[in-house]
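The values are calculated or read from the model by the stated rules, or taken from the named source; none is laboratory data. The structure presented is a predicted model; accordingly, all values stated were derived computationally and were not measured. Here the Cβ is made from the backbone with ideal geometry for all residues, glycine too, and neighbour counts use every protein chain on show. Calculation scope for accessible area: heavy atoms of the full protein, side chains included, ligands and nucleic acids excluded. Shrake-Rupley method; radii C 1.70, N 1.55, O 1.52, S 1.80 Å.
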Amino acid sequence: MTRTFSRFSLAIHRAGALICMVLLLSGLGLAQKAVTARATIPFNFWAKGYEFQAGDYVFDNVLPGSATIHREGTNSSIGVSIVLYAVPGEKENPRVIFVRRDGKYCLVELWGVQDRHVVTAEFEHRGEPSEQQWQVPLTIVESHDE
C-alpha cells in the first residue's frame with residue numbers, strides 16, 4: 001500500500017511539474033507589444049456604453065486583451081476589451097475606426113502597425129467595410145515588448 005501511494009504521489013508531482021513547464025514555455029510565445037498612441041478625435045464617440053467628448057485621446061494596450069482610453073488633461077480612463085483578429089501581410093498606418101450607428105460614432109477597431117484589434121462587442125462585424133465608417137490616424141508615442 002505504501003509503495004503504491006509513493007508511486008501515485010510521484011506521478012502527481014511529475015504531472016504538476018510538466019504542466020508548470022508547459023504553461024511557462026507557452027507564455028514566452030505570447031509576449032505582447034505594449035503600445036501607447038495618441039489621436040485627435042474630431043467628434044463625440046461611444047465606447048463600452050460611455051460617451052466621450054471630441055478631443056485628444058491616449059490609447060494604451062499594456063494589458064493583454066484590453067485597451068485603455070484616456071482623454072488628455074483628465075484623470076479618468078476606461079478599459080475596453082479587444083481581440084486580435086488579423087495580422088496583415090505588410091505594415092499599415094495605425095488608426096482608430098469608428099462606425100456611425102443611430103447618429104452616434106461607436107469605437108469598433110484599433111489598428112496597429114502590425115495587427116488589427118476589434119472591440120470585443122463588435123467581433124461579429126470585424127473588418128466589414130461600411131459607408132458610415134470614419135478612420136482617425138493614431139500617432140505611436142511608445143512601443144515596447146512586454
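What the table shows:
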quantity	calculated
Residues located in region 28-45, provided they are at pLDDT below 95 and either of a type in the set (A, V, I, L, M, F, W, C) or open to solvent by less than 40 Å² (accessible area, probe 1.4 Å) (or both)	28, 30, 31, 34, 35, 36, 37
Single unsatisfied condition, residue 102 versus (1) open to solvent by 90 Å² or more (accessible area, probe 1.4 Å); (2) modelled with pLDDT under 85	(2)
Qualifying residue in region 113-120 (condition: open to solvent by less than 70 Å² (accessible area, probe 1.4 Å), without any contact (Cβ under 8 Å) to a residue 40 or more places away in the chain and among the basic types (Lys, Arg))	yes
Members of region 52-80 found to be on the phi > 0 side of the Ramachandran plot and either of a type in the set (D, E, K, R) or surrounded by fewer than 12 Cβ atoms within 10 Å (Cβ to Cβ) (or both), listed by number	73
Hey, residue 75 over 14 Å from the mean Cα position of the chain (by Cα), modelled with pLDDT under 90 and closer than 30 Å to residue 98 by Cβ or not	yes
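Condition check ((1) within 26 Å of residue 131 (Cβ to Cβ); (2) in contact with a helix residue (DSSP H, G or I) (Cβ under 9 Å, 6 or more places away or on another chain); (3) outside any strand (DSSP E or B)) across all residues:
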site	(1), (2), (3)
69	yes, no, no
75	no, no, yes
80	yes, yes, no
92	yes, no, yes
97	yes, no, no
100	yes, no, no
118	yes, yes, no
